[in-house]
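Each remark here refers to the structure printed beneath this line.
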Amino acid sequence: YEASEGIAVVDIESPEIYPETRDYRRTLAMIDISDSESYLVDIFRVDGGDDHIISFHAGEGDTTTEGLDLLPQASGTYAGTDIPFGEHFDGPPDGRYLSSGFSYLYDVSRAKSPTPGWTMDWDLKDTWETRLGDEPVHVKLHALSTSGETAIAHGDPPQNKPGNPRRLRYVVQRNQGTDIKSTFVSLVEPYSGTSPNLKEVTRIDLALSPGDHSAAAVRVTTAGGRTDLILSSDDPNRMFDLGDG
């Protein structure tokens, strides 16, 4: 963990969490826009295995997407069209179940190989009555990496906790193959009112060779006109051209 004025970064790795992975690491950078507003850059690296998944959800509320060509799934759950809600299809149907839980995600829509740069916005309800002021509060996810498939679905938080929302809207990005590498790059933007804090969010092409996931970079333009360049690299001595000099 490191912090300085305007930015705080945490880098966490757990390469032995799955025996098939050589690298399993999350880098998060919280970057201040002002004294009261920030955004979060999220870089998740996975090396090894054949099925990589990153899921995200915000709080209770309606969601909208831009840039996703979603096709509703006619039946079933995220586990498959023939697998009903709550079926333990990949583990024992009792307290020993430690598998995917995909059958608990329902109302599924899928998009094959969406173009990076799509967004999903949660218009949050004030579930716990903690909102300051009267303006609506949003969380907007900017997805900046390729995936074989992206899906959105509903999932239910525990219903034995008084006040918990009935359901939440999840988004799931997935890559599948043989001994694959993935770098999931996202930006999470909270904002209030109807105008986002960020004007433009794009991934910077670092001209890496195929299969090189050692670095990633993002360009952010704020609503106030500031441009931020964020680079995460495994090699502190390697030089990259981020553009604009």
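The values are calculated or read from the model by the stated rules, or taken from the named source; none is laboratory data. Quick caveat: nothing in here was measured; it's all calculated off a predicted structure. Neighbour counts are summed over all protein chains in view; Cβ atoms, including those assigned to glycine, are modelled from backbone coordinates with ideal geometry. Accessible surface is based on the protein model in full, side chains and every heavy atom, while ligands, DNA and RNA are left aside. Shrake-Rupley method; radii C 1.70, N 1.55, O 1.52, S 1.80 Å.
What the table shows:
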{"quantity": "Residues satisfying the stated conditions in the range 68-83, i.e. in contact with a strand residue (DSSP E or B) (Cβ under 6 Å, 6 or more places away or on another chain), part of a loop (DSSP other than H, G, I, E, B) and over 15 Å from SER113 (Cα atoms)", "calculated": "GLN73, TYR78, ILE83"}
{"quantity": "Test: GLY133 is outside any strand (DSSP E or B), free of Cβ contacts under 8 Å to residues at least 12 places away in the same chain and either in contact with a strand residue (DSSP E or B) (Cβ under 8 Å, 6 or more places away or on another chain) or surrounded by fewer than 19 Cβ atoms within 10 Å (Cβ to Cβ) (or both)", "calculated": "no"}
{"quantity": "The listed residue being under 20 Å from the mean Cα position of the chain (by Cα), modelled with pLDDT of 95 or more and surrounded by fewer than 17 Cβ atoms within 10 Å (Cβ to Cβ), out of SER75, SER113, SER38, SER4", "calculated": "SER113"}
{"quantity": "Pair list, Cβ < 6 Å and 6+ apart or interchain, from the range 49-64 residues that are farther than 26 Å from THR127 by Cβ and in a strand (DSSP E or B) to residues that are open to solvent by less than 20 Å² (accessible area, probe 1.4 Å) and among the polar types (S, T, N, Q)", "calculated": "HIS52/SER182"}
{"quantity": "Criterion (crowded, with 18+ Cβ neighbours inside 10 Å and either of a type in the set (S, T, N, Q) or closer than 16 Å to HIS213 by Cα (or both)) met by exactly one of ASP23, ASP47", "calculated": "ASP47"}
{"quantity": "The range 172-203, residues that are small (Gly, Ala, Ser) and closer than 20 Å to ILE152 by Cβ", "calculated": "SER182, SER186"}
{"quantity": "Any chance PRO93 is of a type outside the set (A, V, I, L, M, F, W, C), open to solvent by 40 Å² or more (accessible area, probe 1.4 Å) and in contact (Cβ under 8 Å) with a residue 12 or more places away in the chain", "calculated": "no"}
{"quantity": "Evaluation of LEU206 against (1) open to solvent by less than 50 Å² (accessible area, probe 1.4 Å); (2) without any contact (Cβ under 8 Å) to a residue 40 or more places away in the chain; (3) under 14 Å from HIS142 (Cα atoms) (one fails), failing number", "calculated": "(3)"}
{"quantity": "Output for the range 52-71, where each listed residue is exposed (fewer than 14 other Cβ atoms within 10 Å of the Cβ) and of a type in the set (A, V, I, L, M)", "calculated": "LEU71"}
{"quantity": "Members of the range 163-191 that are loosely packed, with under 15 Cβ neighbours inside 10 Å and in contact with a strand residue (DSSP E or B) (Cβ under 7 Å, 6 or more places away or on another chain)", "calculated": "GLN176"}
{"quantity": "Residue match in the range 154-162 (condition: open to solvent by less than 40 Å² (accessible area, probe 1.4 Å), farther than 25 Å from TYR24 by Cα and part of a loop (DSSP other than H, G, I, E, B))", "calculated": "yes"}
{"quantity": "Neighbours by Cβ (under 9 Å, 6+ apart or cross-chain): first from the range 223-245, assigned to a loop (DSSP other than H, G, I, E, B); second open to solvent by 90 Å² or more (accessible area, probe 1.4 Å)", "calculated": "ALA223/LYS199; GLY224/LYS199; GLY225/LYS199; GLY243/ASP205"}
{"quantity": "Positions within the range 226-245 being loosely packed, with under 10 Cβ neighbours inside 10 Å and either at pLDDT 95 or above or within 22 Å of GLU2 (Cα to Cα) (or both), in sequence order", "calculated": "ASP235, PRO236, ASN237, MET239"}
